[in-house]
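Beneath this line is the structure, given in structure tokens, with notes to follow.
A short reminder: the numbers here are calculations on the coordinates, not readings from a lab. Only a predicted model underlies this, so the values are computations on that prediction, with no experimental measurement involved. Every residue, glycine among them, receives a Cβ derived from its backbone with ideal geometry; neighbour counts consider all protein chains shown.
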Amino acid sequence: MLPRPAYQPAFIFLGPQLNENTQAFETSPLLTGMVYSTLKFFFEYLSRKPKHQSPMTNSPSLIRQLLQSHLFGLGLLTLLFFFRLGVPGLMDPDEGRYAEIAREMLVTGDLITPQLNFLPYLEKPPLVYWLTSLCLSWGGLNEWAARTIPALSAVGGLAAVYWLTARIWDTSTAVISAAVTATSLGYLILGRILTLDMTLTCFMTWGIVLGYLAIRDKVRRYLPWAYGCLGLAVLSKGPVAVILPGLIFLAWLLSQKQWRGIVQLWHPGGMLIFLALVLPWYILVSLKNPEFISYFFLQENLQRFLTPRIHAGQPVYYYLGVLLVGCLPWTFLLPWAWLTQSGERAPEHFFADRMFLVCWFGVIVIFFSLSRAKLPSYVLPALPPAAIMLGRALASSNPDPDGSAWRLTLWLWFGLAVLLIVLLAGLPPLLPKAWDKIAYLAPLLWLFTLTLAATPTLLLLKPFSPRGRCRLLLAAALVLNVILMMGSERLSEIRSPRQAAQVINSHMPPEGILLGYQLYSQGLSFYTGQPFYLYKIRGELDFGIRQSPHNPYYLNTEAELSELLHRRHRFFLLISPEELPTFQAVYSKPLRILTPWKKYLLAVSP
């Protein structure tokens, strides 16, 4: 962990204060009481029985269910997202970018205009930046503090999955569904790295869950909470947070021919809450940055969806492969779960509940499959409904009366796992260059693949009860999760700039600067506490450069670069080996190579 920079934040938060000598927390009793009271009120409010409650929802409060039955299991699932959370270094570009934006927010005190390298950066709304800044101000500039918000969001998403499943089915199904969600590789990965997607998924999931139960159980008091959650989701990643839930509810209401449900979702008080959360920042940032509306709504949202301007080139079936990997190790069981009728008799609301989950999953996958811009993390909000359906099938005492579908699924799983073993064995001789790039992960890849193959083998060799089957599957999933954590730590050694930053910090004089020659590492800025002087950089900083054309950190000509090099006696240069001769034509003094990083070089002036 790097020492905390010696600056004082421009704004101070109420809460735990960092003891600079011991790096320990001294928790404020006032904050602890506020958090406890808020959570207690929230769950007691949601757990009150409505006047017109269906028999299926006449269950104990959520708090009592957790304490009596599944608190230990849910605590273990929570531990997945915090165990060794701060060990891997922050990886560029995403983690470095969002951590640096939050750090600069602390330095400048500007909560309205997010900045990257002290240039306006308005691609996304600021909620995650605000919360990450809060964590950095409490916990210091380190990996654990930077990743706290995604980890908490992942746990919040699990709470939504558990609560919905407990309300529509039972608590046993709920804990299995939460376990499937938590141990799915895509959910676990995005819950342990700093991106915006997990926070979006958490708030959007809660908005969808509360809205659905408000219609299903005729509990209108859930609607203000639903509107509030969707407002926070919009502040996390933009208008997609209301477009997707709107399409999901529209598809479900059409499938059920419940036209009046559209009216039932309307709540004036909830809309006021939504607008009160969303509008202030959007208005203030538009006043400070007149180009924001056209840039954010048209370029960063509409054009991303309709044009191949960014993250394009993937086929329409791209997310089929993403979901196959992201749902591991449960991928092989999903077709069985979705096609098998759960239970010997269908309880009240069963088919409506099932169709809602289908609409929830299908709308998200289809929507992003039609988008021209595609990234793997976009379909993260589709994992909870898939996990709930699988949890229902696994918890059922007799989902497959003759067992034929189950055995066929296991044989398919076993066959695909064996195919993966053959491909892994054949990769080094067939594609040596590709293998060289991942050879450092070879032991973990073999362990991962063999665990995938061993799981269906055990299930085929010995008949298990439904409870024993779930335990074996969950144990295998946890083993795979641990392997994944080990792999992320190995990967961070290659992709994280943490070690390069430690080299810089050990040589950095007070007047030293960072210089990027057509390159920029957000993570280096975060770890060193220094902005980059950037020469002819393009990409995500284009908007900020247009808004601040005279910003001293951006160099557009060789004359500006030469003037900076002669004015500064000590600089640390990030450059690709191919560009080094070109740079030496401008700066003739010999450079000392400090360390290679990825495919670049980190050099220092004499």
**OP:** Using only the Cα atoms of the stretch 389-529, build the gyration tensor, take square roots of its eigenvalues as a ≥ b ≥ c, and label the shape rounded, prolate or oblate: rounded if a/c is under 1.5, else prolate if a/b is larger than b/c, else oblate.
**Re:** prolate
Original post:
Tell me, what ³J(HN,Hα) does each residue in the stretch 294-307 have, in order and in whole Hz, if you take phi through Karplus 6.51 cos²θ - 1.76 cosθ + 1.60 with θ = phi - 60° and put x for Gly and Pro?
Top reply: 5, 5, 6, 7, 7, 7, 7, 10, 5, 5, 4, 6, 9, 10
**OP:** Rank by packing, highest mean first: peptides 194-203, 498-507, with packing defined as the count of other Cβ atoms within 10 Å averaged across residues.
**Re:** 194-203, 498-507
Original post:
Against the longest alpha carbon principal axis of the chain, how many degrees, from 0 to 90 and to the nearest 10, is the axis of helix 222-237 turned?
Top reply: 30
**OP:** Please give the helix 127-139 orientation as an angle from the longest Cα principal axis of the chain, in degrees from 0 to 90, rounded to the nearest 10.
**Re:** 70
Original post:
If you plug each phi of the stretch 540-545 into the Karplus form 6.51 cos²θ - 1.76 cosθ + 1.60 with θ = phi - 60°, what whole-Hz ³J(HN,Hα) values come out, in order, with x for Gly and Pro?
Top reply: 5, 8, 4, 4, x, 5
Subject >> Sequence-separation-based contact order of the stretch 404-495, relative, with Cα cut under 8 Å and 6+ spacing, percent >> reply: 35
Original post:
Classify the stretch 392-467: rounded, prolate or oblate, from the alpha-carbon gyration tensor (a ≥ b ≥ c, eigenvalue square roots; a/c under 1.5 rounded; otherwise prolate if a/b is larger than b/c)?
Top reply: prolate
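List the pairs from Lys374/Lys598; Lys374/Lys437; Lys437/Lys462; Lys237/Lys598; Lys124/Lys589; Lys124/Lys598 whose alpha-carbon separation is above 32 Å, in the order I gave them.
Details: Lys374/Lys598 25 Å; Lys374/Lys437 24 Å; Lys437/Lys462 39 Å; Lys237/Lys598 30 Å; Lys124/Lys589 42 Å; Lys124/Lys598 28 Å.
Cα-Cα > 32 Å for Lys437/Lys462; Lys124/Lys589; rest within.
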Original post:
What spacing in nm lies between the two simple spin-label points modelled at Arg567 and Ile366, each 7 Å away from Cα in the Cβ direction?
Top reply: 5.8
Subject >> Amide H partners (placed H, <5 Å) of Leu534, local residues excluded >> reply: Gly516, Tyr554, Leu555
Original post:
If you line up the long axis of helix 268-288 against the longest principal axis of the chain, both from Cα atoms, how many degrees apart are they, to the nearest 10?
Top reply: 10
Original post:
Tell me, what ³J(HN,Hα) does each residue in the stretch 180-186 have, in order and in whole Hz, if you take phi through Karplus 6.51 cos²θ - 1.76 cosθ + 1.60 with θ = phi - 60° and put x for Gly and Pro?
Top reply: 4, 4, 5, 8, 5, 4, x
Subject >> Gyration tensor (alpha-carbon) shape descriptor, the stretch 498-604, a/c threshold 1.5 >> reply: rounded
Original post:
Looking at the chain, what % of its DSSP beta bridges pair antiparallel, to the nearest 5?
Top reply: 60
Subject >> Relative contact order computed over the chain (Cα-Cα under 8 Å; 6+ residues apart), in percent >> reply: 15
Subject >> Peptides ranked, highest mean first, by Cβ atoms within 10 Å: ranges 545-554, 318-327, 244-253 >> reply: 244-253, 318-327, 545-554
Original post:
Tell me, in nm to one decimal, what length is gained between Leu416 and Leu275 on full extension, where the rule is 0.36 nm per residue of separation less the Cα-Cα distance?
Top reply: 45.8 nm
